Amino acid sequence: MAATTGDPLVALATHALGFVRDGAVVGLGSGRAAGAFVRALAARVHDGFRVRGVATSEE
């Protein structure tokens, strides 16, 4: 699990993103780890990756 930064949350988010396929429906949680994942996912979406997000909380 390689990442371009020493931040373990970024490494975790990058690894988790490997399980998401184009066109998937993804539950978007809350908290620091979820935030790191959403930022990594947003970068992929910006490059043309397609997903549908479902909010899992009101936070």
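Derivation of every value follows stated rules applied to the coordinates shown; laboratory data play no part. The structure displayed is predicted, hence computed values, not measured ones. Cβ sites come from the backbone with ideal geometry, for glycine too, and all protein chains shown count toward neighbours.
Observations on the structure shown:
- Going from the residue with the fewest nearby Cβ atoms within 10 Å to the one with the most, Thr56, Thr14 rank Thr56, Thr14.
- 3J(HN,Hα) along region 32-43, derived from phi through the Karplus expression 6.51 cos²θ - 1.76 cosθ + 1.60 where θ = phi - 60°, amounts to 5, 5, 5, x, 5, 5, 5, 5, 5, 5, 4, 5 Hz, with x in place of Gly and Pro.
- Placed amide H near Gly53: partners under 5 Å, 5+ positions off or other chain: Val26
- Sites listed here are chymotrypsin sites (Phe, Trp or Tyr not before Pro) in region 1-53 whose DSSP assignment is loop and whose Cβ has at most 12 other Cβ atoms within 10 Å: Phe19.
- Likely footprinting exposure, Val10, Val25, fewest C-beta neighbours within 10 Å first: Val25, Val10
- Taking trypsin sites (Lys or Arg not before Pro) as exposed when DSSP calls them loop and at most 16 other C-beta atoms lie within 10 angstrom, the chain has its longest site-free stretch at 22-49.
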